[in-house]
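Read-outs: derived from the displayed coordinates by stated rules, not from any lab. Note that the structure is predicted; figures quoted are calculated from it, not measured. So basically every Cβ, Gly included, is an ideal-geometry build from the backbone, and we count neighbours across all protein chains shown.
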Amino acid sequence: MKVTIDWVNDLNFIGKNSKRQKVMFGAEGDYASPMENLLMSVGACASVDVVMILKKARQDITGCHCEIDSDRADEPPRRFTGLRMKFVVRGKGLSEKQVKKAIDLSVEKYCSVMHSLDPNMPVETSYQIVPV
C-alpha cells in the first residue's frame, strides 16, 4: 500500500492512493482534519466488517450507520484516548445476537484501522436495530 500527500495551500493537503483516488485534509478551513479522517476511517473500517459479517450470517441488512465520539489527550501528541461507537443497523428480521457479534468481532479482531491505534485505548460500543 502506498499513498502520497501534497501541500495545496495554507494548511490544506491532498492525499492520493495508487488508484489516483483523492482525499482532502486540512488543519483549518473547509476540509476534515487528519484526526477526523482517522476517526472516519475507524468507522468506515468497522462498518465494512459489520456489513460483511451480517451478510455472511445471512442477515437481511439494508443499512449501517456509525457514530463515533472520541476523547483526546490535552497535550501533544493529542492522540485518541477513548472511543464510543454507536451502530444503527437497519434490516428485516435482524438478530440482536448476530448484530452484537458482528460489532464485537469487528472491534476486537478484524478492524485493521482500530488495531492500528493504541491497544490499551478504551472502546465502548452500542447499537440500535431499526426494523424495516
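Given the options Asp60, Asp118, Asp74, state which has the largest fluctuation in a GNM of the chain using a 10 Å cut-off (strictly under) for Cα springs. Result: Asp74 has the largest fluctuation of those listed.
With charges set only on the Cβ (+1 for Lys and Arg, -1 for Asp and Glu), what does the dipole of the chain come to about its Cα centre, in debye to the nearest 20? Could you put the intermediate results ahead of the total?
Details: 19 positive and 17 negative charges, 189 e Å.
Dipole about the Cα centre, nearest 20: 900 debye.
Over the chain, DSSP H runs of length four or greater, each weighted -39,500 (n - 2.57), average out per residue to a 222 nm ellipticity of -8500 deg cm²/dmol. Here the Gaussian network model covers the chain, with springs between Cα atoms less than 10 Å apart; of Val50, Val88, Val42, Val88 fluctuates the most.
Residue separation times 0.36 nm, minus the C-alpha to C-alpha distance between Arg72 and Met35: what's the value? Before the final figure, lay out each step's value.
Working: separation 37, 0.36 × 37 = 13.32 nm, distance 0.99 nm.
Fully extending the segment from Arg72 to Met35 adds 12.3 nm.
The alpha carbon radius of gyration of the chain, expressed as a multiple of 2.2 N^0.38 Å, is 1.19. Considering only Lys101, Lys19, Lys92, the mean-square fluctuation computed in a Gaussian network model of the chain, springs between alpha carbons under 10 angstrom, is largest for Lys19.
Expressed to the nearest 5 percent, the antiparallel share of DSSP beta bridges inside the chain is 70 percent.
Annotation note: GluC sites (Glu not before Pro) in the range 16-116 located in DSSP loop regions with a Cβ neighbour count of at most 16 within 10 Å are Glu28.
So, counting K/R as plus one and D/E as minus one, what does the shell of residues with Cβ under 15 Å around Phe80 add up to?
Details: positive: Arg72, Arg78, Arg79, Arg84; negative: Glu36, Asp69, Asp71, Asp74, Glu75, Asp118, Glu124.
Local charge sum for Phe80: -3.
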